[in-house]
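Only the coordinates and a few stated rules stand behind these numbers; no lab work does. Values in this document were obtained by computation on a predicted structure and should not be read as measured data. With ideal geometry, Cβ positions are generated from the backbone for all residues, glycine too; neighbour counts draw on all protein chains shown.
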Amino acid sequence: MASLGVRTLDGNTVRIGNEDMASLAGGLRGQVCVAGDAGYDEARTIWNAMADRRPALIVRCAGAADVARAVGFAAARKLLLAVRGGGHNIAGNAVCDGGMTIDLSRMKSVWVDPRARIARVEPGATLGDVDKETQAHGLAVPSGINSTTGIAGLTLGGGFGWTTRKYGMTIDCLLSADVVTADGAMRHASAKENPDLFWALRGGGGNFGVVTSFEFQAHPVGPEVLSGLIVHPLDDAPDLLKQYRRIADAAPDELTCWVVMRKAPPLPFIPTEWHGREVLIFALCWCGDMKAGEKAVAELRGLGKPIADVVSPHPFAGWQAAFDPLLTPGARNYWKSHDFTALSDAAIGEIVGAVRTLPSPECEIFIAHVGGRMSRIAADATAYPVRSSHFIMNVHTRWREASQDKAGIGWARKLFDATAKHAAGSAYINFMPDDEGGRVAQVYGKNHARLARLKTKYDPGNLFRMNQNIEPG
């Protein structure tokens with residue numbers, strides 16, 4: 001094989017000879033892939049089909065030693081480097097064109113200590129992998145709402161979901177992490193060891209190294225929770241949302257209720273005459289005592305005249321995967337996101353109006369309400385800074401053909417711009433697409449300067465830049 005041309009951090013190309021490639025491959029438990037090799041297309045294909053990128057080489061790691069070797073190889077040659085965990089991030093930064101990708105997707109081990117309520121998780125595991133193992137012991141780690149999401153990227157960006165109000169964000173349950181930093185060193189980060197790195201990992205994204213193992217505090221959940229959907233006509237949305245914001249702000253920590261507005265999918269519990277028509281859906285989860293939950297959700301269930309109400313006890317692991325059929329891989333996706341301190345009447349008007357002009361049947365606007373335990377943690381306790389109770393809007397456009405890109409992206413940006421004046425100025429870093437790099441400092445707020453200093457300490461050459469990047473400073 002001729003020498004391989006690989007893109008470098010400065011945009012040039014370096015030639016890597018057969019001897020160096022053989023040396024890299026020979027020191028791995030995993031494998032090195034280039035175009036045409038078995039496993040190459042599998043490793044470069046990620047959830048968002050808009051990110052169709054072709055790395056020059058991919059290192060498919062089997063363990064932490066492989067990661068350290070791969071990072072050292074890339075750093076010595078100043079290669080453009082991407083790191084893939086679950087490959088679910090909207091920005092598509094898990095892969096890069098022409099550079100090198102470290103693929104962690106085979107590192108999927110999840111080990112649970114039920115007595116100590118601790119879960120140790122490798123970075124290739126998905127939320128579904130974690131849920132299956134923890135729920136076997138009646139435990140859960142707070143995470144997201146799509147079981148195919150990777151635990152690594154979700155955690156490094158913050159992580160919130162159905163149990164966040166009760167138990168905090170994913171990062172609030174992180175006890176320690178093993179990390180390979182840009183110098184190829186293996187470091188342990190916790191409250192006692194490398195505490196500055198531990199602080200940065202909890203919300204700072206993939207900027208500070210490659211995590212090879214996470215240690216989480218798990219909490220008692222389930223095995224059943226009171227959960228489900230309440231579907232309403234979109235025409236009732238303005239009034240429903242005004243009542244929803246009041247109920248959400250006063251809700252006990254065990255109750256989480258979010259809103260989805262979209263065209264009704266052809267689900268069996270939705271009357272056929274509503275399929276394809278615009279609806280508002282309350283998606284709720286109560287993670288406490290069932291009898292108390294029935295009382296707590298009664299007011300939400302009593303709002304308006306629902307088209308369907310399928311709230312009942314469900315296995316927690318099943319509820320965690322309930323939205324998977326609407327978020328399968330292979331579609332083209334683009335997101336825009338705002339935080340709202342309060343869901344104002346003006347913001348509601350803009351959002352509901354936009355739902356009436358959805359550019360494709362799979363598009364939706366999602367509003368999450370977070371608070372509870374996560375809001376009782378100081379803004380500077382972790383890199384993730386937005387701790388007050390608030391609403392998170394994700395404008396999620398989704399379609400199948402490249403010819404629809406302009407319409408989908410344009411619609412999302414228009415709503416984003418229209419609601420900006422009502423928003424807090426912050427955002428959830430995991431919801432930001434690849435064209436929002438200039439927004440990073442604003443999103444991290446007062447924590448950004450500290451993150452930049454830590455970037456200088458742990459990655460002065462900005463090797464880990466395929467992310468919502470924090471530059472050294």
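Given the chain, what percent of its DSSP beta bridges are antiparallel, to the nearest 5?
Approximately 90 percent, going by the DSSP bridge assignments.
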Worksheet, complete the sentence: With DSSP loop assignment and no more than 15 other C-beta atoms within 10 Å, the trypsin sites (Lys or Arg not before Pro) in the range 85-188 are Arg115
Fill in: Under 12 Å from the Arg439 label point (7 Å along Cα→beta-carbon), backbone N, the range 338-375
338-340
Fill in: Cα pair count fraction exceeding 21 Å, expressed as % - the range 1-118
37
Discussion item. How big is the dipole moment of the range 110-220 about its Cα centre under a simple scheme where the beta carbon of each Lys and Arg is +1, that of each Asp and Glu is -1, and everything else is neutral? Debye, nearest 20, please.
Written reply: 340
Worksheet entry | Point-to-point label distance, Met186-His137, nm (Cα→Cβ direction, 7 Å offset) | 2.3
Worksheet item: Among all the lysines, which ones have a C-alpha under 19 Å from Lys446's C-alpha, if same-chain residues fewer than 8 places away are not counted?
Response: Lys455, Lys457
Discussion item. If you split all Cα-Cα distances of the range 111-191 into 10 Å bins from zero, what percentages do you get per bin, shortest first?
Written reply: 18, 52, 25, 5
Response to the item:
Between [x] 1.09; [y] 0.97; [z] 0.99, the structure-derived Rg/Rh (Cα atoms, Kirkwood Rh) is [y]
Practice prompt. Give the order of Tyr444, Tyr40 when sorted by the count of other beta carbons within 10 angstrom, beginning with the fewest.
Written response: Tyr40, Tyr444
Discussion item. Taking the alpha-carbon distance from Lys305 and a cut-off under 23 Å, which lysines remain once sequence neighbours fewer than 8 residues away in the same chain are dropped?
Written reply: Lys242, Lys263, Lys295
Worksheet item: Going by how many other Cβ atoms sit within 10 Å of their own, how do Ser375, Ser147, Ser337 line up, fewest first?
Response: Ser375, Ser147, Ser337
Item to complete: Give the residues of the range 392-424 whose amide nitrogen is closer than 14 Å to a point set 7 Å from the Cα of Thr357 in the direction of its Cβ.
Response: 407-419
Discussion item. Taking loop as defined by DSSP and a crowding limit of 13 other beta carbons within 10 Å, which trypsin sites (Lys or Arg not before Pro) in the range 337-435 fit?
Written reply: Arg356, Arg400
Worksheet item: What ranking of Ser227, Ser213, Ser105 emerges when the number of other C-beta atoms within 10 Å of each C-beta is taken as an exposure proxy, fewest first?
Response: Ser213, Ser105, Ser227
Response to the item:
Rounded to one decimal in Å, the inverse mean reciprocal Cα-Cα distance for the range 224-437, i.e. its Kirkwood radius, is 18.0
Discussion item. List the GluC sites (Glu not before Pro) within the range 155-244 that DSSP assigns to loop and that have no more than 13 neighbouring Cβ atoms inside 10 Å.
Written reply: Glu193
Worksheet entry | Virtual spin-label span in nm between Ser344 and Trp111, 7 Å along Cα→Cβ | 5.2
